[in-house]
1. How far apart, in nm, are two points set 7 Å out from the Cα along the Cα-to-Cβ line at residue B:33 and at residue B:46?
2. How much of the calculated P(r) for the stretch B:146-208 lies past 16 Å, in percent of all Cα pairs?
3. Principal axes first, then extents: for the Cα atoms of the stretch B:3-249, list largest minus smallest coordinate on each axis, whole Å, largest first.
4. Given a Förster radius of 30 Å and the C-beta distance between residue A:213 and residue A:242 as r, what FRET efficiency does 1/(1 + (r/R0)^6) yield to the nearest 0.05?
5. Which entries of A:76/A:183; A:89/B:88; A:107/B:104; A:76/A:134 have Cα-Cα distances beyond 25 Å here?
6. Using only alpha-carbon positions, what ratio does the radius of gyration of the stretch B:97-148 give when scaled by 2.2 N^0.38 Å?
7. Quick check: pseudo-label points 7 Å beyond the Cα along Cα→Cβ at residue B:229 and residue A:199, how many nm apart are they?
8. May I have the convex hull volume per residue, in Å³, for the Cα set of the stretch A:53-110?
Amino acid sequence: MPIIKVENLVKRYGSLTAVDGISFEVEEGTIFGFLGPNGAGKTTTINVLCTLISATSGKAFINGHDCEKEPSTVRKSIGIVFQDTTLDKDLTAYENLLFHAYLYGVKKSEIKTRVHDALNFVDLYDRRDDLVKKYSGGMKRRLEVARGLIHRPRVLFLDEPTLGLDPQSRANLWGVITEMPKKHNVTIFMTTHYMEEAEVCDKIAIIDSGKIIAEGSPDELKKIIGGDVISLKTRDNKWSQKEIKKLFNIDAEDKEGELYLTSNKGDACIPELIRGLGDMVLSVKLQRPTINDVFLKLTGKAIRDEDVSGMSNIKEEVRAYRRRH
Amino acid sequence: MEFNAVYVLVAREFKKFVRERSRLVSAIARPLIWLFLVGAGMSRLVSPTGGVSYTQFIFPGILGMTILFSSIFSSISIIWDKEFGFFKEILAAPVSRLSIVIGKGLSGTVVSTIQAAIVLLLFPVLGLKLGLVQIIAVLIIAIAVSFCISTFGILLATFYENYESFSVIMNFIVMPMFFLSGAMYPVKLLPKPLALATKLNPLTYGVDAFKNVIFPAEEGPMSADFSLATDMTVILILSFAFVVIAARLFERKK
Ligand SMILES: Nc1ncnc2c1ncn2[C@@H]1O[C@H](COP(=O)(O)OP(=O)(O)OP(=O)(O)O)[C@@H](O)[C@H]1O
Ligand SMILES: [Mg+2]
């Protein structure tokens, strides 16, 4: 039996359809990646699965329990790391975990060991008595992951767990996440926009405008591309496109200022391209297909602009500033 | 209802209360200012007939004010928690909304009652004579009033999503509640419309209950306006109503 099962899920906000009839299943003990651009409906889907909002129609089950009809059972079997942090910054890390343990009704005799283990797992034991407001972004994220595990959930939801972290903290947290299914016997449902993270997922679903447009293992998805990807920067994309069509009978796609084409033998293709286009070519790149290419091909846009994380940082700062004054 | 959740919500509030010195200091300073600056000044103007001086008269009101501010402040912190995300941690837990309301209500009750107890220590300074039974009665009333006002605060907090609303709540709800509670002047001396507003204010009954216990023998204009039984009945019924409504409002999913 799949641990998560979603059937024809629809969520409307007034006239806006945030989630538009999606269905998927997640097998126990796997890492499931949910990819999509801003506003695709990822968080909305998680909110329905976590019983925080009701679906407009369709069904969602966690471990066989209906998210709408048995919210309490579902809540007990899931842990959540929300997109925006939900720690109490005026409490210490230890107190945040203690709070969680009590809130989820962990047996009194077990609370201490579980909190200690969780802190050790994310390597924050030495900083346990610091107020969370003194933590860095990466430490906060790790603490939230640890907190999500305290009550031993069957499924852990991670909504953009690594967003806005520097590469080192990201790698650190990513290490923690990938060892969880084995170590803690938990299924991971995560959203991310870092493609190298998506590559590690056992299964990926790509969602755009509320619809799942592709689903499968990273390798299966890459087959959609059908070969190596060559990206070209040229002086005149329009002219080059026509020229490529004429010379090689290949349709090159113009995406965000670069030309993309696929070929079974990418390395052999490059010299011919340069011979054909001459000094129109500014630069050439050859790539094995990545999930990002799949994404580009299916949605016509890169998964997310980097400055989005910048924006959410600014939002945090403004909030923090306002709070201080 | 989940007692573990109720317990941990109260424990969190208590921890923060003890940690935030400024909150404690202002909680103690405010009543002192009112008693000794406003009260002492006003008693030059107002010299009531009967055995109760003006400074003594406002003492129950100052107890009420202490409870009002700290209970509302405690409950309104829900708006902060919403703004900073922590409330989601609570809402996503396998815990009934009733437990959350009760837990939050008792959080306010604990910190308010502690502060009211500290203010109560001033009674000898004001020349009041209270017996042990009176002191215990005042504390019991303080618990009931604190719970009532805290749950009222939770109800308020369900209507606001961000803390810009804080000053709105303070200026348009809390301050009028204080002035229209019989804290500064007897309800029976107010003009009709004001008297009506005062009777609709939950705090009025708390202040009046304190007056009943602190000035049991007083019969002049400074005496209590309602019977102690009326006061307590109103407070308990309102508390119950606030809890039920707030739990309902939290239950609503979008
Ligand atoms: N409470 C709400 N009321 C109205 N519209 C909403 C609400 N929550 C989400 N939406 C809309 O639903 C759509 C999907 O939002 P959602 O938060 O699920 O996107 P997302 O995939 O998580 O995006 P991001 O990558 O930016 O987090 C968006 O258009 C959003 O504006
Ligand atoms: Mg999101």
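1. Taking the simple label geometry, residue B:33 and residue B:46 are separated by 1.9 nm.
2. Of the Cα pairs, 49 percent sit more than 16 Å apart.
3. Extents along the principal axes, in whole Å: 58, 37, 35.
4. Working: r = 29 Å, r/R0 = 0.97.
Rounded to the nearest 0.05, the efficiency is 0.55.
5. On the way: A:76/A:183 19 Å; A:89/B:88 14 Å; A:107/B:104 22 Å; A:76/A:134 30 Å.
As for pairs spanning more than 25 Å Cα to Cα, those are A:76/A:134.
6. On the way: Rg = 13.3 Å, N = 52, 2.2 N^0.38 = 9.9 Å.
My calculation over the Cα atoms of the stretch B:97-148 gives 1.35.
7. It is 8.0 nm.
8. Values: hull volume 6.5 nm³, N = 58.
It comes to 112 Å³ per residue, whole-number rounded.
The values are calculated or read from the model by the stated rules, or taken from the named source; none is laboratory data. Note that the structure is a prediction, hence the values are computed from the model and not measured. Don't worry about glycine lacking a Cβ; one is built from the backbone with ideal geometry, like all the others, and counts go over all protein chains shown. Keep in mind that these areas ignore ligands, DNA and RNA; they rest on the heavy atoms of the full protein, side chains included. Shrake-Rupley method; radii C 1.70, N 1.55, O 1.52, S 1.80 Å.
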